[in-house]
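Since the structure comes first, as structure tokens, the remarks are kept for the end.
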Amino acid sequence: METTTLVSSGPQLLLGLGLGITLLIFMMLKTKLHPFLAMIIAASVTGLVGGMGAADVVGSITKGFGNTLGSIGIIIGFGVMMGEIFEVSGAAKKMAQVFVKKLGKGREELALAITGFLVSIPIFCDSGFVILSPLAKSISRNTGKSVISLGLSLAIGLVITHSLVPPTPGPVGVAGIYGANVGTVLLLGIICAIPMTIAGLMYAKYIGKKMYRVPSEDGETYLTEYVAPSNADVLGDSSEILPSTLMSFMPIIVPIILILINTVAALFKYSGPMAGAIDFFGSPIIAVGIGLIVAIYGLGAKYEKNEIIGAMEKGIKSAGVIMLVTGAGGALGMIIRDSGAGDYIAGLIAQTALPAVVIPFAISSIIRLIQGSGTVAMTTAASVTAPMMATLGLSPELAVLSACIGSLVFSHFNDSYFWVVNRTLGVTEAKEQIRGYSIASTIVWAVGFVELLIVSIFI
């Protein structure tokens with residue numbers, strides 16, 4: 001069903017949008033409704049109160065949901081399946097061991113940050129932290145380094161690429177809502193993620209000295225006085241059979257290289273004999289699909305068919321929720337676009353001094369503080385601002401970066417990852433929880449904002 005833009009009065013459009021967003025926040029915070037249903041209800045209220053007819057509201061919701069998932073649903077599905085194979089095969093642990101060995105003694109925090117940086121591209125940061133935290137504790141016991149500095153380094157590395165770099169579902173979903181080029185988003189995300197990780201790493205090392213603790217052998221209690229390094233293997237159980245180094249990295253490296261080659265070829269307008277092949281294999285769907293095949297037959301070679309399929313199906317179950325929420329975000333965005341509210345608000349903003357690049361960032365930050373989920377925050381920000389970005393002259397890729405960086409602000413008690421990190425590291429006091437991961441995430445967010453303003457000068 002095709003929908004047409006309806007012309008309503010400005011105040012009515014603002015009333016519809018304001019009521020819809022207020023209702024959305026209320027439902028997420030105070031009711032038992034799932035974010036997917038809450039976003040569909042909010043979209044309906046926004047359209048109806050804003051002056052759209054009932055049939056047009058239904059048509060816009062359907063179109064927005066379908067268009068969004070049509071562009072990114074497959075990538076999300078492939079990505080989460082790959083992540084589960086990484087988890088069951090031990091590839092994530094192998095990557096950590098490689099970095100610890102290569103970087104050498106004294107650089108364990110950097111090794112864990114780099115590991116998290118790469119591992120979280122296909123794996124959810126929550127799962128990645130649970131998988132790799134025993135390694136951080138083992139390094140702490142055997143080097144005398146604070147598990148806080150090691151654990152926070154790992155946590156920061158994980159959450160940054162989880163929030164900025166495709167094929168992680170959040171950035172891919174936001175790219176779909178804005179209609180951005182995923183390859184360009186991937187390139188910008190990696191570039192911006194590096195300084196953010198360095199800043200987070202520096203704070204982790206600083207606060208680790210202030211909150212010194214080393215896990216005991218039982219892993220349940222923590223020593224708060226300096227522990228002399230032992231001669232034990234910092235990598236823990238060396239008898240565990242893990243994949244080879246090459247095979248552990250391949251499923252991540254292959255799709256990234258393919259997508260980046262395609263992106264660079266497009267930037268330089270390459271039209272040679274390989275243009276067709278580069279465009280096909282470098283498209284995000286095909287590239288991530290190839291990475292998944294490499295994971296299945298490389299990392300999953302020693303497992304039975306049913307084990308690998310079972311792992312992938314586990315990933316698909318988690319992807320279902322993300323797809324629904326992302327699709328609902330696309331539906332809300334289409335309502336805002338079709339009602340005319342987006343163009344109206346864009347006109348108002350254009351008359352102010354507020355830079356367009358700041359708008360998705362600000363909305364994402366506010367939503368994150370209110371309800372805790374970074375994915376929901378960036379998706380909501382994209383849904384609300386996508387209809388106005390073209391009018392304001394902001395590139396879709398820069399808008400994606402803005403919404404994603406905003407979602408990193410001050411992780412606190414309503415964020416599940418906040419609890420995963422603190423519980424795993426044995427941080428129980430609220431003051432220390434905030435001094436640790438909450439402040440670290442905010443420093444990363446602030447550095448990202450500065451980068452966003454710099455990048456906006458050139459794009």
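The values are calculated or read from the model by the stated rules, or taken from the named source; none is laboratory data. All values derive from a computational prediction rather than experimental measurement. Virtual Cβ from ideal backbone geometry, glycine too; neighbours counted across all protein chains shown. The protein model used for the area step is the full one, side chains on, heavy atoms only, and it has no ligands, DNA or RNA in it. Shrake-Rupley method; radii C 1.70, N 1.55, O 1.52, S 1.80 Å.
Sort largest first and round to whole Å: the equivalent ellipsoid semi-axes of segment 76-134, each the square root of five times a Cα gyration tensor eigenvalue. All intermediate terms of the calculation are to be shown ahead of the outcome.
Working: eigenvalues 95, 20, 17 Å².
Computed over segment 76-134, the values are 22, 10, 9 Å.
In deg cm²/dmol, rounded to 500, what helix-only [θ] at 222 nm does the chain give when every DSSP H run of at least 4 residues adds -39500 (n - 2.57) and the total is split over its residues?
-24500 deg cm²/dmol
When averaged across all projection directions, what area in nm² does the alpha-carbon convex hull of segment 369-459 cover?
6.2 nm²
At a 10 angstrom cut-off on C-beta neighbours, averaged per residue, how do the peptides 41-49, 399-407, 204-212 rank from highest to lowest?
399-407, 41-49, 204-212
Hey, what did segment 129-178 get for relative contact order, percent, Cα under 8 Å, at least 6 apart?
Working: 22 pairs, mean separation 11.5, N = 50.
For segment 129-178, the relative contact order is 23 percent.
Work out how far the C-alpha atoms of segment 106-161 reach from end to end along every principal axis, then list the three figures in whole Å, largest first.
Result for segment 106-161: principal-axis Cα extents of 31, 18, 13 Å.
Based on the mean of other beta carbon atoms within 10 Å per residue, what is the order of 9-18, 121-130, 156-165, most packed first?
Ranking the peptides 9-18, 121-130, 156-165 by packing returns 156-165, 121-130, 9-18.
Averaged over every viewing direction, what's the projected area of the C-alpha convex hull for segment 60-165? Give it in nm², one decimal, please. Walk me through the numbers on the way to the answer.
Working: hull surface 29.3 nm².
Average projection, Cα convex hull of segment 60-165: 7.3 nm².
Quantify, in whole percent, the carbon and sulfur part of the accessible surface of the chain (1.4 Å probe; protein heavy atoms only).
Ligands and nucleic acids excluded, carbon and sulfur reach 67 percent.
Relative contact order, percent, of segment 256-314 when contacts are C-alpha pairs under 8 Å separated by at least 6 residues?
33 percent
Sort 253-260, 302-309 for me by packing, meaning the mean count of neighbouring Cβ atoms within 10 Å per residue, highest on top.
Result, highest mean Cβ count within 10 Å first: 253-260, 302-309.
I'd like the Karplus ³J(HN,Hα) series for segment 377-394: coefficients 6.51, -1.76, 1.60, θ = phi - 60°, whole numbers in Hz, and an x wherever there's a Gly or Pro.
These are the phi-based 3J(HN,Hα) values: 5, 5, 5, 5, 4, 5, 4, 6, 9, 3, x, 9, 5, 5, 5, 7, x, 8 Hz.
How large is the convex hull of the Cα atoms of segment 257-299 per residue, expressed in Å³ as a whole number?
About 58 Å³ per residue, rounded to a whole number.
What is the set of long-range amide H partners of residue 223 at a cut-off below 5 Å, with H atoms built 1.01 Å from backbone N?
Residues meeting the amide H criterion: 214, 216.
Using only alpha carbon pairs under 8 Å that are at least six residues apart, calculate the relative contact order of segment 315-395 and give it in whole percent.
Working: 67 pairs, mean separation 34.4, N = 81.
Result for segment 315-395 is 42 percent.
Which pairs, out of 101/431; 210/431; 101/137; 145/431, put more than 24 Å between their alpha-carbon atoms?
Numbers: 101/431 35 Å; 210/431 13 Å; 101/137 16 Å; 145/431 22 Å.
Pairs exceeding 24 Å: 101/431.
Return an integer: the convex hull volume of the alpha-carbon atoms of the chain, in Å³ per residue.
Cα-based convex hull of the chain, divided per residue, equals 156 Å³.
Enumerate the amide H contacts of residue 410 below 5 Å, restricted to partners 5 or more residues apart or on another chain; note that Pro and chain-start residues carry no placed amide H.
442
Starting at the first residue of segment 278-293, write each ³J(HN,Hα) from the Karplus equation 6.51 cos²θ - 1.76 cosθ + 1.60 with θ = phi - 60°, in whole Hz, x for Gly and Pro.
Working through the residues one at a time gives 4, 5, 6, 6, x, 5, x, 4, 5, 4, 5, x, 5, x, 5, 4 Hz.
How long, wide and thick is segment 1-127, going by the Cα atoms along their three principal axes, in whole angstroms, largest first?
66, 29, 27
Would you calculate the separation in nanometres between label points at residue 216 and residue 58, each defined as 7 Å from the Cα along the Cα-to-beta-carbon direction?
Label at residue 216, label at residue 58, 6.5 nm between them.
With only alpha-carbon pairs counted, each pair once and no self-pairs, how large is the Kirkwood hydrodynamic radius of segment 313-405 in angstroms?
13.6 Å
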